[in-house]
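One structure is given here, and the rest of the page talks about it.
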Amino acid sequence: MKTLWLHIVRAYLSLGLFFYFKTIKVVHAENVPKNGAVLFLANHQNALLDALLIAVKSGRFSYFLTRASVFKKKVIASILKSLLMLPVYRVRDGWSNISKNNSVFSMCANLLNKGEAITVFPEGNHSLKRRVRPLSKGFTRMVFEALQHNPELQVKMLPVGFNYSNPTRFGTSVSLNFGAPILVTCEVIKSVDESTKALKTKVFNQLCELTTHIPEANYENDIKTLNDLQVDFLQPISVNACIASHFENCKLAKPNRFSIFKSFFKLLLIIHLFPPYLIWKLVIQPKIKEAEFIDTFRFAIAITLVPMYMVIVVALLSMFSFKLAVSWFLFVLGITLFSVKL
């Protein structure tokens, strides 16, 4: 029953993401092991959407370490746990709660021993900045604990790089880059401190190649230059090469020849979905304090309120004409595709 529920949720999310993003580019999906213990280690730019993209595009059912603050309400906590999300506590949650992470890490170690997949965002928080931030050592701790319980275990750590064209805009594109698996066994572990540092370095270096990594020192100037050049952020290798060449060797993004038509269809979409759009603009969006959550809450509206509104409209129109109801439904789907995919 649990597996059926996860398949249903993944199928629905996949459909929602298809209508939400212009393109979702998956690079080196063949690097994802079909079975066995896997630790997905991703950079974290776009709040919950990062996790959803791994859930839908990795080909594995994965457990997710999620900040504990979202588990406060029992109903929400039950839903999140049914979606394989596990609470992890941070310093801001209070020092008294940090000790609760011991049981979480032990649970993760057990899951790895069962050959499960776990997703961790080792930067520890999210940021729209196009750079890889220093990694915490929590993911190494769960690997070491798993190997202590089962010396024969082989854990594959898989770096994942996210690259968004524009992470706060509706109908943007994203690339999901799977790196080369890093095999961890008892044989490769020396001292804990030494191995922790080595594994963190390997993961960090891969992430810097799988996503755009702008050095912190000149970040503001460099990001402005890259935006002015209109580089293709979906191709991190070329963007990083552009930065390394001091912006002399840069591959630019192809201009959108259909931008006018895209704006027209977006306006049509707003008109036909005006009530959910109004709720988004007047009620939800003004309450968002962190820009990293804009996409997450907008997507939540797109897969909840929008379908509910469409069902209501179709039901009302069906009272007058079934053909009219079907025509309206298909028309809205069509302008949605044009407003997103053009």
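The values are calculated or read from the model by the stated rules, or taken from the named source; none is laboratory data. Owing to the predicted nature of the structure, the values given are computational and were not obtained by experimental measurement. Positions of Cβ are generated from backbone atoms using ideal geometry, with glycine treated the same way; all protein chains shown enter the neighbour counts. These accessible areas exclude ligands, DNA and RNA; they are computed on the full protein's heavy atoms, side chains included. Shrake-Rupley method; radii C 1.70, N 1.55, O 1.52, S 1.80 Å.
Under the classification rounded if a/c is under 1.5, otherwise prolate if a/b is larger than b/c and oblate if not, where does the stretch 227-342 fall, given a ≥ b ≥ c as square roots of the Cα gyration tensor eigenvalues?
On the way: a/c = 3.60, a/b = 2.01, b/c = 1.79.
Prolate.
When the accessible area of the stretch 192-289 is split by element with a 1.4 Å probe, what percent falls to carbon and sulfur? Mind dumping the intermediate values first?
Numbers: 3970 of 6520 Å².
The nonpolar share, carbon plus sulfur, comes to 61 percent.
Using 7 Å Cα-to-Cβ label points, what is the S136/I76 separation (nm, one decimal)?
Inter-label distance under the simple model: 1.9 nm.
Compute all pairwise cysteine Cβ distances in the chain, then list the cysteines with no distance under 4.7 Å to another cysteine.
Among the cysteines of the chain, those whose Cβ sits 4.7 Å or more from every other are C108, C186, C208.
Under a Cβ-only charge scheme (Lys and Arg +1, Asp and Glu -1), can you give me the dipole magnitude of the stretch 225-323 about the Cα centre, in debye to the nearest 20? Please list the in-between numbers first.
On the way: 10 positive and 6 negative charges, 94 e Å.
So the dipole magnitude of the stretch 225-323 works out to roughly 460 debye.
Which of the GluC sites (Glu not before Pro) found in the stretch 234-314 are loop residues per DSSP with 10 or fewer other Cβ atoms within 10 Å of their Cβ? Can you show the working numbers first?
Values: sites: E248, E290, E292; in loops: E248, E290.
Listed in order of number, the matching sites are E248.
Starting from the amide H of Y63, placed 1.01 Å from N in the peptide plane, find each other amide H under 5 Å away whose residue is 5 or more places distant or on another chain.
A117, I118, T119
Kindly work out what percent of the DSSP beta bridges joining two residues of the chain are antiparallel, to the nearest 5.
Values: 9 of 30 bridges.
Of all bridge pairs located within the chain, approximately 30 percent are antiparallel.
Summing Lys, Arg as +1 and Asp, Glu as -1, what charge do residues with Cβ under 10 Å from the Cβ of F170 carry, F170 excluded?
Values: positive: K22, R169, K266, R298; negative: D295.
Once positives and negatives cancel, what remains is +3.
Please state the charge dipole magnitude for the stretch 4-66, taken about the Cα centre, from unit charges on C-beta atoms (+1 on K and R, -1 on D and E), reported in debye and rounded to the nearest 20. Let's see the in-between values first.
On the way: 6 positive and 2 negative charges, 26 e Å.
The calculated dipole for the stretch 4-66 is roughly 120 debye.
Under a GNM of the chain (C-alpha, springs under 10 Å), which listed residue has the highest mean-square fluctuation: P167, P236, P215?
Largest GNM mean-square fluctuation: P215.
Between L267 and M107, what length comes free when the chain is fully extended (0.36 nm per residue of separation minus the Cα-Cα distance, one decimal in nm)?
Numbers: separation 160, 0.36 × 160 = 57.60 nm, distance 4.82 nm.
Gain on stretching L267 to M107: 52.8 nm.
On a full-extension model of 0.36 nm per residue, what is the gain between T23 and K341, subtracting their alpha-carbon distance, rounded to one decimal in nm?
Numbers: separation 318, 0.36 × 318 = 114.48 nm, distance 0.73 nm.
So the chain would gain 113.8 nm between T23 and K341.
Longest exposed-loop-site-free stretch of the chain, with chymotrypsin sites (Phe, Trp or Tyr not before Pro), DSSP loop and at most 13 other Cβ within 10 Å? Could you put the intermediate results ahead of the total?
On the way: sites that count: F258, F320.
Longest gap between qualifying sites, sites excluded: 1-257.
Local charge sum around N205 (other residues, Cβ-Cβ under 15 Å, Lys/Arg +1, Asp/Glu -1)?
Working: positive: R131, R133, K197, K200, K202; negative: E123, E209.
Local charge sum for N205: +3.
Starting from the amide H of V27, placed 1.01 Å from N in the peptide plane, find each other amide H under 5 Å away whose residue is 5 or more places distant or on another chain.
Here the answer is L176, N177, F178, since their amide H atoms fall under 5 Å of that of V27.
Which residues does the label zone of K323 cover in the stretch 269-291, counting backbone N under 13 Å from a point 7 Å along Cα→Cβ?
What the label zone holds, given the 13 Å backbone N cut-off, is no residue at all.
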